[in-house]
Each structure stands twice: as C-alpha cells, then as structure tokens.
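Where a number appears in this text, it was derived from the coordinates with a stated rule and is not lab data. Please read all numbers here as calculations on a predicted model, not as lab measurements. For neighbour counting, all protein chains shown are included, and Cβ atoms are generated from backbone atoms with ideal geometry for every residue, glycine included.
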Protein chains: 2
Amino acid sequence: MIERAASDSGQRPHFADALAARVAARETQLVLGLDPDPARLWPAALEAAPEHGDPAQRAAAAVAAHCRALIDAAGPECVAVKPQLACFERLGAPGWRALADVAEHARAAGLLVIADGKRGDVPLTAAAYAQGLLGAVPTPFGEVGGLRADAATVNPLLGIDALEPLVAAALTAGAGLFVLVRTSNPGAADIQDLALADGGSLWMRLATIVAHLGESAIGTSGLSDIGAVVGATAPEHLARMRELMPHTVFLLPGIGAQGGSVEALAPAFAPGRAGGLVTASRSIANAHEAAGGDPAEAARAEAARLRAAAWTLA
Amino acid sequence: MIERAASDSGQRPHFADALAARVAARETQLVLGLDPDPARLWPAALEAAPEHGDPAQRAAAAVAAHCRALIDAAGPECVAVKPQLACFERLGAPGWRALADVAEHARAAGLLVIADGKRGDVPLTAAAYAQGLLGAVPTPFGEVGGLRADAATVNPLLGIDALEPLVAAALTAGAGLFVLVRTSNPGAADIQDLALADGGSLWMRLATIVAHLGESAIGTSGLSDIGAVVGATAPEHLARMRELMPHTVFLLPGIGAQGGSVEALAPAFAPGRAGGLVTASRSIANAHEAAGGDPAEAARAEAARLRAAAWTLA
C-alpha cells in the first residue's frame with residue numbers, strides 16, 4: 001500500500017512539469033497578458049461585434065474577438081496567456097462568457113491559461129474560488145465545470161488556512177498557483193515592504209510561506225506547482241527571493257508598460273528556464289500605437305522581442 | 001468657486017449616511033450573507049430550477065431562487081445583503097447573471113447590497129474591478145453598467161495606490177468600501193497579526209491606512225464611507241480598532257457558523273448604531289438543520305434573534 005501510494009504520488013501530473021515541458025518545446029518564457037479595455041480594442045475586433053443589441057453583449061463579443069486576434073498574433077511567441085479577470089468581470093455575465101471563450105481559444109493554440117484574479121478569502125470561500133477557477137462544483141443537476149485554468153494568482157493576506165483549499169484544489173487538478181509575494185505597483189512598498197519585528201520584511205515572510213507550501217509539490221523538473229508573483233519592477237529583490245524560494249516559479253508582471261526591463265530578471269532563471277515567466281500585456285497589445293502599422297504585426301514583433309530578450313538570459 | 005465646491009462636496013451622497021438612515025429606519029444592523037452552496041439549497045429553490053438543460057444554468061437558477069427566498073424570509077430583519085461573489089462566480093456566466101438578479105431582488109426589498117469579493121490589484125486593474133462592482137465601464141457600444149453595489153469588500157495587500165481607484169470610484173458613485181483589516185479565520189493571525197519593527201501589528205497599520213483613507217469621506221452621520229472588515233472572532237481587538245478608526249463602519253463577519261458571538265461586539269457601536277454591521281450567512285440559511293421545521297421560518301427566527309441581540313448592545 002505504501003509503495004502504491006508513493007507511486008501514485010510520483011505519477012500525479014505536475015503543473016510545474018507541464019510548464020517546464022511547454023517552455024522547452026515552445027522555446028519561450030513569455031506570458032501574454034490579456035487585459036482588454038473596451039475603449040482600446042483593435043479595429044477589426046470592434047467590427048466583429050454584433051451590430052445591434054445589448055451594450056454588454058456587444059462589448060463582450062468585441063473583447064473576445066480582440067483577445068482571440070491577440071492570441072493568434074502573439075501566442076506563437078508565448079507559453080501561456082494570463083487573462084485579467086477584472087477586465088472580463090466588468091462586463092457581467094457576457095464578460096464571463098467571453099473569458100471562457102478566450103481561455104478555450106488559448107488552450108486550442110497550445111497555450112497554458114493563468115487566471116489572474118488575485119482571489120483570497122476565508123477557507124470555505126477560498127474553496128469556492130478554487131472550484132470556479134481550477135476545478136468544478138458538484139450540484140444536484142450534475143457537476144458544473146469552472147474555467148479549468150492551468151493556474152491562478154492568489155492573495156495571501158488571509159493566511160495559510162485560507163491558501164490551503166486553493167493549494168489542495170490545484171494539486172488535485174494538476175494545476176498551479178501563483179501567490180502574491182511582491183507586486184509591481186509603487187504602492188506595494190506600503191505593506192509588502194514593511195519591516196517585521198523579528199527580522200526581514202513582510203514579503204520575505206510571504207516568500208517563506210510560499211516556499212513551505214510548495215515543498216511537497218515539487219515535480220521532476222525541480223520546480224514546484226506553487227509559484228509566486230514577483231513584480232519585475234523591483235529587480236533588486238530577485239536574488240533574495242530566489243534564495244528564499246529555490247524551487248518556485250516566478251510570475252514576473254510589470255515588463256513594458258509598468259516600467260520593468262527584461263534584462264534585470266536574470267536571477268529568476270536560476271532553477272532553469274521555466275523558473276521565471278515574463279509577463280507583458282499592454283506593451284504587446286498596444287505596440288502599434290508607438291510602432292505604427294498593423295496591430296497584429298506590431299504585437300507579434302514586440303512579443304518576439306521580449307521572448308528573445310528573456311531566452312538569452314536563462 | 002470655493003463656496004460652490006464646498007457646497008457640492010457637502011451635498012455629495014454618502015454611503016455612510018445612507019447606511020445610518022437605513023439602520024435607523026429598519027431598526028437593524030444585521031447583514032444577511034448570501035453564500036449559496038448548490039448542495040445545500042432550500043428544497044423549494046431546487047424545484048424552481050428548469051427541469052432540463054445545462055447544469056450551470058439549472059444550478060444558477062436554483063441558487064437565485066434560494067437567495068430570493070432567503071431575502072424574502074430574513075430580509076425584513078436586515079439592513080443589507082452581502083453576496084459572496086465566489087459562490088456565484090463558480091457557476092460561470094449563469095452564476096454572474098444570478099448574482100445580478102439577486103442584487104436587484106435585495107434592492108427592491110429595501111436592502112443595501114455589499115459585494116463581498118475581497119478584490120485587490122494594481123491600480124489600473126483595481127479601477128476595472130471598481131467599474132464592475134460599483135460603477136460602469138465606457139465602451140464604443142455605450143456604457144455598460146456593472147453590479148452597482150452599494151459597497152464592496154477589498155483587499156489592501158497591494159498598498160495605498162491600489163486602493164485609491166476603488167476609493168475614488170466609491171465616492172463618485174455614493175458607494176462605500178470595506179477594507180480587510182483583521183479577518184475572521186484562524187489563519188488571519190499568520191499575516192495580519194505580525195508584529196512590525198516600528199511597533200504595532202500589521203492589522204494596526206492597515207487600520208491606520210483605512211482611517212486615513214476615510215478621513216475625507218465622513219458624512220453628516222459622523223461615519224466614513226470607507227469601512228473595515230473586522231472579524232467578529234477576534235473581539236479582544238475591537239476596542240483598539242475603534243481607537244484607531246473612530247469614524248469607520250465595521251463589517252463584522254464570523255457570527256454564528258464561524259464561532260463569534262454578538263455580545264462581544266459592543267465596542268464596534270461606539271460611534272452609533274451603524275458603526276457595526278453584524279454579518280451572518282450559514283447560521284441563518286441553515287438554521288432549519290438544527291432547529292427543524294420550515295427553512296424560511298427558521299431563517300427568519302434566527303435573523304430576528306441576531307438582530308435583537310445586536311440592537312440591545314448599541
């Protein structure tokens with residue numbers, strides 16, 4: 001029985017291993033952020049919306065068309081997409097349907113899907129978020145499958161018991177989590193950089209918690225299914241983060257529009273190429289606004305540039 | 001011009017004033033939490049679902065019927081409802097539509113709507129959450145109205161710049177926010193109770209930030225539109241919280257199912273009856289499981305008990 005259990009455990013599919021294999025096969029660590037703003041969609045996407053009807057349904061159709069076109073253009077340079085749930089959720093039920101549609105389009109293009117919702121709540125509610133994003137919910141009418149993302153971003157402010165249902169659901173589904181450790185906005189310093197009475201900062205404490213949660217979820221790649229969100233705008237912390245979280249995949253938002261540069265990220269890749277995922281969204285989707293020309297071609301070129309810059313570091 | 005501005009500012013509708021007026025008129029500080037679990041719906045709600053079709057749509061219809069029945073039964077004892085977004089979101093687009101339906105039903109019953117999603121993200125994304133929950137999003141197809149909740153719960157881990165777009169949107173909409181300060185789960189101690197190097201704990205720092213953000217949003221009630229989530233399971237902190245946040249409305253989850261008792265909450269009501277909102281969900285919705293009898297009658301009785309217990313304290 002013990003052998004059987006050990007063997008089952010060894011065969012459990014790991015998000016981290018699937019990610020490492022995908023990074024190697026596609027030769028890219030770039031993650032395409034999908035933060036669609038209805039006021040800045042590509043012209044062809046606007047034309048794809050129904051001519052009449054409810055504004056929310058028309059806007060959601062245009063948002064979905066924009067994201068599909070962005071995936072078609074820049075997806076081949078990427079390993080995953082990262083839809084920003086806020087940008088879909090603000091369009092209500094039609095927006096949520098657009099999110100499911102876009103996730104399906106990304107999967108069909110061979111991309112992993114990282115649901116970026118930064119959810120976090122007390123344990124019972126955290127389990128409900130996990131059902132919606134990573135698993136399914138049993139109902140008297142049959143099981144209702146959720147978004148079935150490959151990974152989700154989560155907020156650790158509510159503590160370890162609030163993360164545990166998300167970790168359990170992720171491991172059951174062969175999915176991953178990215179826990180906020182140090183975010184990319186200037187205000188991150190207000191809370192995450194606070195010095196603690198017993199040494200270090202809050203983000204260091206969060207890093208320790210993430211490393212501990214992920215210890216029992218390390219795959220054959222040497223990487224854990226429990227990752228961390230580490231803003232690319234604070235590269236001075238990256239070496240220390242890597243010490244504290246040696247097996248953790250770093251999701252690195254803040255490249256481009258938020259001011260981070262790819263070159264500063266080298267320490268992220270110490271455990272291998274899949275140790276750091278470089279995320280960019282507006283700098284790709286809006287590349288044509290600076291570069292001119294066709295939005296799709298500008299997006300592809302900017303994604304190719306970021307992909308090459310990251311690949312040479314690792 | 002200065003007089004005009006001051007006068008405009010004085011006339012801006014305040015969530016806190018609307019709340020105080022509603023608490024006085026309805027003689028209750030009780031908030032009905034709506035955390036529908038498709039596996040524990042009231043029997044009549046299950047029967048209200050369509051007989052055939054997609055499980056998500058059938059489950060969402062049953063969830064909406066359950067919440068409407070709960071509002072009809074316990075709503076008269078309450079001042080507001082607090083839908084838990086996770087419980088709707090896990091049913092996808094049909095769940096999001098059920099959420100909008102339930103919010104509308106609550107409004108029609110004279111109840112305020114507090115969207116409990118604990119959202120938090122970098123500033124641009126926080127603004128998108130604010131559009132979806134409290135405001136509207138402009139699109140080329142016309143404005144898309146969001147949930148138009150009266151208030152929303154938010155997570156402050158990302159810092160002050162990430163809260164500011166939510167505060168701005170709330171004040172523009174005459175809505176409120178409840179910022180997490182000390183949550184009701186045991187694991188809250190892991191992060192929120194950490195001692196800081198320059199004194200106090202993280203939750204005290206969060207309390208100071210909330211008080212500061214809310215200073216310019218105090219209505220004629222003496223209460224601010226920027227409230228705090230303060231778990232009823234840690235009443236030993238309440239007096240200190242009230243010192244740090246003298247004008248803040250405390251949203252107090254954790255009564256009943258999570259183990260908190262109403263009697264321990266007296267310090268919350270120092271600035272007036274609307275200074276503390278007592279939240280209960282499963283202890284009301286599932287009261288019939290312990291008490292027996294009709295679910296609606298058991299829910300009404302439990303809500304009436306909690307309402308009276310809170311009202312005598314304040």
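Take each peptide in B:178-185, A:107-114, count the other Cβ atoms within 10 Å of every residue, and average; sorted highest first, the result is B:178-185, A:107-114. Net charge of the neighbourhood of A:Gly142, taken over other residues with C-beta under 11 Å away and scored Lys/Arg +1, Asp/Glu -1, is -1. The DSSP beta bridges internal to the stretch B:162-263 are antiparallel in roughly 20% of cases. All distinct Cα pairs of the protein assembly as shown go into the 1/r average, and the inverse of that average, the Kirkwood radius, is 24.7 Å. Inter-chain neighbour count for B:94-104: the average number of beta-carbon atoms from partner chains within 10 Å of each residue's beta-carbon is 3.
Where both bridge residues fall in chain A, DSSP classifies roughly 10% of the beta bridges as antiparallel.
In terms of its alpha-carbon gyration tensor, the stretch B:17-148 comes out oblate; a/c meets the 1.5 threshold, while b/c is at least as large as a/b. Label-to-label distances across copies for A:Arg107, with labels 7 Å out along Cα→Cβ, in nm, shortest first? Its label point is 3.4 nm from the equivalent points in the other copies. Per-residue shielding of B:176-189, expressed as the average number of other chain Cβ atoms within 10 Å of the residue Cβ, stands at 4. Per-residue packing, averaged as other Cβ atoms within 10 Å, sorts the ranges B:240-251, A:152-163, B:78-89 into the order B:78-89, A:152-163, B:240-251, beginning with the highest.
Under a Cβ-Cβ cut-off of 15 Å, what is the net charge of the residues other than A:His247 that fall near it, where Lys and Arg count +1 and Asp and Glu count -1?
Counting the neighbours of A:His247, the net charge comes to -2.
Distances between copies at B:Arg40, taken between label points 7 Å from Cα along the C-beta direction, are 4.3 nm in increasing order. When chain A is treated as a Gaussian network with alpha carbon springs shorter than 10 Å, the biggest mean-square fluctuation among A:Ala304, A:Ala24, A:Ala211 belongs to A:Ala24. Across peptide B:111-118, the average count of Cβ atoms from other chains found within 10 Å of a residue's Cβ is 2. Across the copies of the chain, A:Glu297 has label points (7 Å from Cα along Cα→Cβ) spaced 7.5 nm apart, shortest distance listed first.
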